[in-house]
Structure formats: C-alpha cells, structure tokens
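Student: One structure, as structure tokens, below. Some questions next.
The values are calculated or read from the model by the stated rules, or taken from the named source; none is laboratory data. These numbers come from a predicted model, not from an experiment. Here Cβ is always computed from backbone atoms with ideal geometry, including for glycine, and neighbour counts include all displayed protein chains. Each accessible area value is taken on the protein alone, full model and side chains, heavy atoms only, with ligands, DNA and RNA left out. Shrake-Rupley method; radii C 1.70, N 1.55, O 1.52, S 1.80 Å.
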Amino acid sequence: VPRLRLLALASHDAHQERLLARADRVADAAEAAVRSIWLTLLEVMQRGKDRGPAYWHSTFNAVRDALSRLPLVAHGVTRELVATARDSAQWTAETTARSLPVGHRAEILRRHLSPRPAAGDRHAERLEEEYTETDLVAGLILPAWEDHQILSVVYAAGWVDRLRSLTALSAPDVLAARIASGVQQGLTIQQIALEIRPVVQQVQTSARRVARTAGLWVAHEAELATYGELGDMIDGYRINAVLDHATRPEHRKRDGQVYHCRPVGSQLGLDRMPRPPREADGSWAFNCRCYLSPILSGT
Ligand SMILES: [Zn+2]
C-alpha cells in the first residue's frame, strides 16, 4: 500500500477545531434570533397586563405575530453561513499555502504567474516585493466567489426547510390563546413564562443543532472548494472520524477510507464520498464531526 501524501496533517486538528468554532457562531446566531422572539413575547405579556383583562384579542394577536416570526430565524442564519464560507476558504487557503511541499508551491506559482515580471511591469514587481511566496500561493488558491454563488450553495442543501419545519410551532394559535388567557386571568409573567418556556427551549435547541450542522457543512464545502483550486495536485480525500463514545458506529467503520478523484479498479470515487456532516447520498448526519483530509498527487 503506497504511503498517502496527506496535506497539512500536523495542523489539521487545529484547523478543524477552528471550523467547529466557526460553526458554533452560526448556532449562536440561530439561538439569538429565537431569544429575541422570546423577549418580544415577554414584552407582549407585560403590555397585556398593563392594559387589563379586556384586551385579550390584542394580546393574542401580538403573541401570534411574534410566534410567526420563528421560521424567519433561517434568514439570520443564512447571513452567518455566507460569512462562514468566506472565513473557511480564507483559513484553508492560508493553512494550505503554508503546508504545501515546496514543489507544489512552485508549480502553483509557475502555472499562475509569468516566470519573471516583464521589464517595466511595476505592478508585478511590486507584487514580488510586497508579498511572501506563501501569501501569493494563498491568494492564488482562494476561490473567487460572488455572494450569490455562495448563497446558491447554501440554499441548495435543504437545511432551510428543516429549520423552518423545526421552528414552526405545531399549534401557535393554541399557545397564543394560552398566553392571552393567562394574562387575562391575572397570572404573573413568571407563571406564564414557566408554562411556555419548554416550548421555546425546544425550538431553541433544534435551531442550534440545525444551524451548527449547516455551519459545519458550509465550512467544509468551502474547504473542499479551496482544495479544488489545486486541480490535479489533489488525488483524493481521506475521511477521518473523531473517535469517542459519541461516534456513530458506521462513521467509526469508515474512518480512514480514501476516495479518489480519478478512481481505478475497485477504488471509490468522489461520488461515493461523504461530505461531512452529510452522507454521500446528501442526507444529514446531525452532530457528525467527521472531516476530510486531502491527498496530494506526486507532482
Ligand atoms: Zn461523523
């Protein structure tokens, strides 16, 4: 079995930790959006109490309006996902540029830049003076994306529907009626809040989980797109599982499996490759922490 030329394995753990932390920020954004709706509910209850028991309907309507905003949590998450894609690509380009073998770096520079600035080409000369070779390589392998291109990827994955369905309450009118009646009966806000808090908590937990998983997926897709800029310098990818008590048995089993860009014989191709935290068939593996390491060709 030939030894795999894995890229940047030394810093890979740190890199993945950074992407996980970035995905946590996406989850924070989702949680903050749900919390702001919770705060609106508390305000509505206070207003209902201030106005008195005759205003049942206005409390009911205001609560229903606030609850109907829950599925819009996806919008705030989408913004964070686009930023996540950019951060991830940037970090991946920098890590990769630092970690590539000298031969690969030289090849990238050779392919993209003319061998020597033309006489009098001040711009090219300045580039050579101001940027280190690592900076140049990082810049050359950073995917050139427009926001709309990232958005089309982000929206294509189906997580928006998932988040919408998880944050849409099954019976918002029933909940709104319960709150309005509680206010009318003179219950304290704490008493009403205690009753509806589990519902909101449930929504918040689901929103966090979906947003975090989507964040990790977007970060990994941006990472793959950056490796994709290396073209034929990449032979394939090896999948790695984080091995502990929480690892799925089937993810533990596939740990170390290699997927080839140009498969021969019985080798698995990229069409069979999971794209964590999604499986090869596109289904989501929530809370999956697996990741891919690129395998360099022998250039
Ligand atoms: Zn996994």
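Student: Residues to consider are 293, 297; find the one that is within 16 Å of the ligand (Cβ to nearest atom), under 24 Å from residue 99 (Cα atoms) and modelled with pLDDT under 95.
Tutor: Just a single option satisfies the conditions, and that option is 293.
Student: Here's a follow-up. Going by the conditions given, is residue 129 among the charged types (D, E, K, R) and modelled with pLDDT under 90?
Tutor: yes
Student: Evaluate the following for residue 65: is it open to solvent by 10 Å² or more (accessible area, probe 1.4 Å), under 16 Å from residue 39 (Cα atoms), out of contact with any Leu (no Cβ under 8 Å at 6 or more places or on another chain) and modelled with pLDDT of 90 or more?
Tutor: yes
Student: Give the residues of region 260-286 that are away from the ligand (no atom under 11 Å from the Cβ), within 20 Å of residue 157 (Cβ to Cβ), at pLDDT 95 or above and open to solvent by less than 30 Å² (accessible area, probe 1.4 Å), sorted by residue number.
Tutor: The one that is away from the ligand (no atom under 11 Å from the Cβ), within 20 Å of residue 157 (Cβ to Cβ), at pLDDT 95 or above and open to solvent by less than 30 Å² (accessible area, probe 1.4 Å): 273.
Student: Which count do you get for residues in region 147-174 that are over 18 Å from residue 208 (Cβ atoms), of a type in the set (A, V, I, L, M) and outside any helix (DSSP H, G or I)?
Tutor: Counting residues in region 147-174 that are over 18 Å from residue 208 (Cβ atoms), of a type in the set (A, V, I, L, M) and outside any helix (DSSP H, G or I) gives 1.
Student: Name the pairs: first residue in region 26-53 and aliphatic (A, V, I, L, M), second residue not in a helix (DSSP H, G or I), Cβ to Cβ under 6 Å, at least 6 apart or on different chains?
Tutor: Partner pairs satisfying both residue conditions: 37/69.
Student: Follow-up question, since we're still on this one. Please go through (1) touching a strand residue (DSSP E or B) at 6+ places or on another chain (Cβ under 8 Å); (2) under 30 Å from residue 31 (Cβ atoms); (3) among the small types (Gly, Ala, Ser) for residue 176 and return the number of the only condition it doesn't satisfy.
Tutor: In the conditions (1) touching a strand residue (DSSP E or B) at 6+ places or on another chain (Cβ under 8 Å); (2) under 30 Å from residue 31 (Cβ atoms); (3) among the small types (Gly, Ala, Ser), residue 176 misses (1) alone.
So that you can scan it fast, the table gives a plain yes or no per residue for (1) within 13 Å of residue 292 (Cβ to Cβ); (2) under 20 Å from the mean Cα position of the chain (by Cα); (3) of a type outside the set (A, V, I, L, M); (4) open to solvent by 50 Å² or more (accessible area, probe 1.4 Å):
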site: 191; (1), (2), (3), (4): no, no, yes, yes
site: 200; (1), (2), (3), (4): no, no, no, no
site: 209; (1), (2), (3), (4): no, yes, yes, yes
site: 213; (1), (2), (3), (4): no, yes, yes, no
site: 217; (1), (2), (3), (4): yes, yes, yes, no
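Student: Being near the ligand (Cβ under 9 Å from one of its atoms) and open to solvent by less than 40 Å² (accessible area, probe 1.4 Å) is the filter here; which residues of region 248-257 pass it?
Tutor: Selection gives 251, 254.
Student: Just to be sure before I move on: is residue 92 at pLDDT 90 or above and hydroxyl-bearing (Ser, Thr, Tyr) in the structure I sent?
Tutor: Yes.
Student: Looking only at residues that are open to solvent by 70 Å² or more (accessible area, probe 1.4 Å) and within 14 Å of the ligand (Cβ to nearest atom) in region 220-247, which one is farthest from residue 294 (Cα to Cα)?
Tutor: My answer is 245.
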